[in-house]
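The values are calculated or read from the model by the stated rules, or taken from the named source; none is laboratory data. Note that the coordinates shown come from a computational prediction; the quantities given were computed from them, not determined experimentally. Cβ placement follows ideal geometry from the backbone for every residue including glycine, while neighbour counts extend to all protein chains displayed.
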Amino acid sequence: MTYSGFLFDLDGTLVDSLPAVERAWSYWGARHNIAPDEILSFIHGKQAITSLRHFMAGQSEEAIQAEFLALEKTEAEDTEGVRALPGAKALLSQLDELQIPWAIVTSGSVPVAHARHKAAGLPQPSVFITAEQVLKGKPEPDPYLLGAKKLGLAPGACVVVEDAPAGILSGLNAGCAVIATNAPVDTPRLNEVTIQLTSLASLHITKLADGQFTLNVRN
């Protein structure tokens, strides 16, 4: 198969932000008497507002929005330990050198996503899709459909790179090829992804004369 562009998730795919995520959400859970394990098993890959609405069901939207703003501030300011995952910088730099279009498509909001992107020292994408730009977040297809549109590509010409079940489903639902990185073994539809990886460092890209590229996994 040949492809024309990449759509990357951010947290857990390009950036290791898990310590910061766990600190922020565990602190929030402690304030609301919700066990950390219950929160952390739900939130990954989803927009923060979606998770808050889940855990604050029955409360007013005004209260939920206030909690969202407070949580967003905490996550944007706490980037301690945030770093690029192995192979991420090299892969993105290679795409720039080969002039292969790529985008970041994250469930994070602008303040959080940009803070983590900067802390990890990653190259700048030409397209950066955040939670504010879509009505329906992952696992709905909207984020990746928008990412492909902004790159000027058909979804089927794009490769989504994701770690979280919600994001993998979003990419598949959008009609993209999906590379799963360190995905949980019980991820729904994992058998439908194109490649499963443990590190981006093992992904090899060959650009063709027509501008498209192929994918291979190297040991």
Please determine, by comparing only the residues of region 5-27 that are of a type in the set (S, T, N, Q) and surrounded by 23 or more Cβ atoms within 10 Å (Cβ to Cβ), which one is farthest from residue 97 (Cα to Cα). 17
Subset of region 60-80 [outside any helix (DSSP H, G or I) and either surrounded by 13 or more Cβ atoms within 10 Å (Cβ to Cβ) or touching a Leu at 6+ places or on another chain (Cβ under 7 Å) (or both)]: 78, 79
Close pairs from region 36-54: first over 22 Å from residue 136 (Cβ atoms), partner among the aliphatic types (A, V, I, L, M), Cβ under 7 Å, at least 6 apart: none
Of all residues making up region 168-179, the number that are in contact with a helix residue (DSSP H, G or I) (Cβ under 6 Å, 6 or more places away or on another chain) and buried (at least 24 other Cβ atoms within 10 Å of the Cβ): 5
Output the number of the condition that residue 6 fails; it satisfies all remaining conditions of (1) at pLDDT 95 or above; (2) among the hydrophobic types (A, V, I, L, M, F, W, C); (3) assigned to a loop (DSSP other than H, G, I, E, B). (3)
With respect to residue 82, determine if the residue is in contact with a strand residue (DSSP E or B) (Cβ under 9 Å, 6 or more places away or on another chain), under 18 Å from residue 6 (Cα atoms) and among the hydrophobic types (A, V, I, L, M, F, W, C). no
Just one listed residue, out of 143, 155, 165, is buried (at least 18 other Cβ atoms within 10 Å of the Cβ) and either in contact (Cβ under 8 Å) with a residue 40 or more places away in the chain or not assigned by TED's automatic domain parsing to the domain that holds residue 103 (or both), and it is 165
Please determine whether any residue of region 118-133 is surrounded by fewer than 20 Cβ atoms within 10 Å (Cβ to Cβ) and among the aromatic types (Phe, Trp, Tyr). yes
Subset of region 81-95 [of a type outside the set (Ser, Thr, Tyr) and part of a helix (DSSP H, G or I)]: 88, 89, 90, 91, 92, 94, 95
